[in-house]
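Step one of this worksheet: look at the structure below.
The values are calculated or read from the model by the stated rules, or taken from the named source; none is laboratory data. This is a predicted model, so every value here is computed, not measured. Cβ: placed from backbone, ideal geometry, glycine included. Neighbour counts: every protein chain shown. Protein only, heavy atoms only, side chains kept; ligands, DNA and RNA dropped before computing areas. Shrake-Rupley method; radii C 1.70, N 1.55, O 1.52, S 1.80 Å.
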Amino acid sequence: MSTAASTESRELSPVSTESLAALLVTRERPPRPSALSASLTFGWRAILKIKHVPEQLFDVTAFPIMNLLMFTYLFGGALAGSPRDYIQFVLPGILVMSVVMITMYTGVSVNIDIEKGVFDRIRSLPIWRPSAMIGYLLGDALRYTIASVVMLSVGLLLGYRPDGGVVGVVAGIALLLLFSFAFSWIWTMFGLLLRTEKSVMSVSMMVIFPLTFLSNVFVDPRTMPGWLQAFVNNSPITHLASAVRGLMAGDWPGVEIAWTLGWAGLLLLVFGPVTMRLYNRK
């Protein structure tokens, strides 16, 4: 009896397999995701990384607080007469410096995914090609926002009072996030170009440190030598810090905002296509 049943199942199996194959072929494929949907999906993936590894938030919480406390109380009395007066000037600058420094971790994340082979899987998907890169940047925008909120909260406890109110603070943070989005494309390029995550971090720090410290983040450039003023006054970080500082103070620094938007557009136009070319050839 069992022999007859097994023989019958073997005879029916080819028919069943062919029927199943025909069913799969005739069934419609799911629609291809839109560029926005794919980008948001990869952005959510980046956020889930933070959820599963919350230690990643250390650089957007402890590091900015440490910088703010250290520079305010070490240099506040010497540069502005008191820490309370100095924090009105330095907090927007340190906010800019902290967020700009965090942008380098975008390149590190890209490089890690390449080393793990995740990118090979992503590139095989029928999706808009830049969506993976944009997803990294969208996920990191949450980190930038957390860093901004943490910095402002601590600053308010230390005596910082933004005369621009909620509108000025939101406008300043929005401008900072926009610039950071464009600035991050530099590090995605390095993440694709360099072999290891340590190399990405080393090169990033070599670029970020001179840009952030040779600016008006901590002091007014008018106290600097003339040759140094020429560099500092034309630095994108100087324009960004001045714009954020002015917006939070209740002013409308139109020239600085225009320079900041111009730098952001230039960075995006230059490093965006270069990054995508490297990504397609990787």
**Request:** Check F89 against each of (1) among the aromatic types (F, W, Y); (2) closer than 19 Å to I173 by Cα; (3) at pLDDT below 85 and name the one condition it does not meet.
**Result:** (3)
**Fill in**
Scanning the range 200-214 residue by residue, the ones that are surrounded by fewer than 16 Cβ atoms within 10 Å (Cβ to Cβ) and aliphatic (A, V, I, L, M) total 3
**Message:** So for the range 84-98 (the condition being assigned to a helix (DSSP H, G or I), closer than 23 Å to K49 by Cα, open to solvent by 60 Å² or more (accessible area, probe 1.4 Å) and in contact (Cβ under 8 Å) with a residue 60 or more places away in the chain), does at least one residue qualify?
**Reply:** no
**Item:** Of all residues in the range 215-252 being in contact with a Ser or Thr (Cβ under 6 Å, 6 or more places away or on another chain) and part of a loop (DSSP other than H, G, I, E, B), the one that is surrounded by the fewest Cβ atoms within 10 Å (Cβ to Cβ)
**Value:** S235
**Asked** Does at least one position in the range 238-256 carry a residue that is free of Cβ contacts under 8 Å to residues at least 60 places away in the same chain, out of contact with any Asp or Glu (no Cβ under 8 Å at 6 or more places or on another chain) and within 27 Å of P130 (Cβ to Cβ)?
**Response** no
**Residue ID - farthest from I94 (Cα to Cα), chosen from residues in the range 17-60 that are basic (K, R) and either assigned to a helix (DSSP H, G or I) or at pLDDT 70 or above (or both)** = R32
**Item:** Hits in the range 120-144 (condition: within 10 Å of the chain's Cα centre (by Cα) and open to solvent by 20 Å² or more (accessible area, probe 1.4 Å))
**Value:** I134, L138, A141, L142
**Prompt:** Restricting to the range 253-282, what's the tally of residues that are crowded, with 21+ Cβ neighbours inside 10 Å and in a loop (DSSP other than H, G, I, E, B)?
**Reply:** 0
**Message:** Can you tell me which of (1) of a type outside the set (S, T, N, Q); (2) within 22 Å of the chain's Cα centre (by Cα); (3) at pLDDT 90 or above is the one R195 doesn't meet?
**Reply:** (3)
**Item:** Number of the exception - S180 against (1) touching a helix residue (DSSP H, G or I) at 6+ places or on another chain (Cβ under 6 Å); (2) of a type in the set (G, A, S); (3) open to solvent by 40 Å² or more (accessible area, probe 1.4 Å); (4) closer than 16 Å to M101 by Cα
**Value:** (3)
